[in-house]
Amino acid sequence: MAMILHKRVDTCCKLGVWEINEDYDDLLSRLSLSSEELERLDGFLSFNRKLEFLSVRVLMNEMAGKPSRIVYNNERKPFLEDNTHKISISHSHQLTSILMSHESKVGIDMEYMSHRIQKIADKFIHEDEYISPDEDLVKYHLYIHWCAKEALYKLCDKKGIHFKKDIQIAPFEPADEGSLSGIVHRDQGTESYDLHYFRNGNYIVVWASKGAGSREQGAGSRELGVGKR
């Protein structure tokens, strides 16, 4: 069994993580793919992308406790064909993750902390966001910010959202696990979210749900205590 995590993370959300240590044929044998899914699978040029495609469907079936078909809308947002749950998917390196909820919109991001993210920090860190001055924590702190923004980007359906200008993370000190707050500025107003994160070896996972942590503040409000410390 390659599922390394499957737990309820709040009253309406479950989170699962799958480590891809099976070969292609083993993963494929656990699934009953439609002709459309097989065509899409065959279309991937990257073998790793094929493994990701298969592993996320195996994980989804395990979490749902039954065969569940993942489909996508026009914005490439995943959902279940039977509409029993809302889902968000992320994969990085050897792990695949899914966040699912029967009532709330969800967003999850997982990253393997491999490259020097400092080199691209100015592309997604707002000037008022706080990053630890501790050299040993900078990389980890930046990855939490990136994953938090990616999770909110997915939760908010991705439309017209700029990572640096429109998503801000309130100041926090990084730990092995914890909670943080973020805001998303949109034309229709500003929404606040509670996010949660944890570290698993060299991976960072951040997730959020809308309903259990969102607070619409109105078009004129743009404050969440975000500022340099």
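The values are calculated or read from the model by the stated rules, or taken from the named source; none is laboratory data. Since we're looking at a predicted model, the values are computed, not measured. Note that we place each Cβ from the backbone using ideal geometry, even for glycine, and neighbour counts take in every protein chain shown.
Can you work out which of the residues in segment 1-33 that are among the hydrophobic types (A, V, I, L, M, F, W, C) and in a loop (DSSP other than H, G, I, E, B) is nearest to the chain's Cα centre (by Cα)?
VAL9
Could you grab the pairs with beta carbons closer than 6 Å, sequence gap of 6+ or different chains, first residue in segment 117-139 and touching a residue at least 60 places away in the same chain (Cβ under 8 Å) and closer than 21 Å to LYS165 by Cα, second one assigned to a loop (DSSP other than H, G, I, E, B) and among the β-branched types (Val, Ile, Thr)?
From residues that are touching a residue at least 60 places away in the same chain (Cβ under 8 Å) and closer than 21 Å to LYS165 by Cα, the pairs are ASP128/VAL226.
Quick one: PHE163 ticks every box in (1) surrounded by fewer than 22 Cβ atoms within 10 Å (Cβ to Cβ); (2) within 19 Å of ARG76 (Cβ to Cβ); (3) in the same structural domain as GLU75 (by TED's automatic domain parsing) bar one, so which box is it?
The number of the failed condition is (3).
Look at SER55 and say whether it is touching a helix residue (DSSP H, G or I) at 6+ places or on another chain (Cβ under 7 Å), closer than 24 Å to SER209 by Cβ and part of a loop (DSSP other than H, G, I, E, B).
no
Do any residues in segment 26-47 that are in contact (Cβ under 8 Å) with a residue 12 or more places away in the chain have Cβ atoms under 6 Å from those of residues that are of a type in the set (Phe, Trp, Tyr), where the two are at least six apart or on different chains, and which pairs are they?
Every condition considered, the pairs that remain are LEU41/PHE53.
What's the number of the condition TYR112 fails, among (1) in contact (Cβ under 8 Å) with a residue 24 or more places away in the chain; (2) under 24 Å from ILE183 (Cα atoms)?
(2)
Exactly one condition in (1) outside the structural domain of GLY189 (by TED's automatic domain parsing); (2) β-branched (Val, Ile, Thr); (3) at pLDDT 95 or above; (4) over 19 Å from TRP18 (Cβ atoms) is not met by ILE70; state its number.
(4)
When you look at HIS141, is it over 14 Å from the mean Cα position of the chain (by Cα), crowded, with 17+ Cβ neighbours inside 10 Å, assigned by TED's automatic domain parsing to the domain that holds LYS119 and at pLDDT below 95, yes or no?
So HIS141 fails the test.
Given the criterion without any contact (Cβ under 8 Å) to a residue 12 or more places away in the chain and assigned by TED's automatic domain parsing to the domain that holds LEU95, identify the matching residue among ASP10, ASP23.
Step by step, each of ASP10, ASP23 is checked, and only ASP23 is without any contact (Cβ under 8 Å) to a residue 12 or more places away in the chain and assigned by TED's automatic domain parsing to the domain that holds LEU95.
Looking only at segment 41-51, count every residue that is part of a helix (DSSP H, G or I) and surrounded by fewer than 17 Cβ atoms within 10 Å (Cβ to Cβ) and tell me the total.
Counting residues in segment 41-51 that are part of a helix (DSSP H, G or I) and surrounded by fewer than 17 Cβ atoms within 10 Å (Cβ to Cβ) gives 5.
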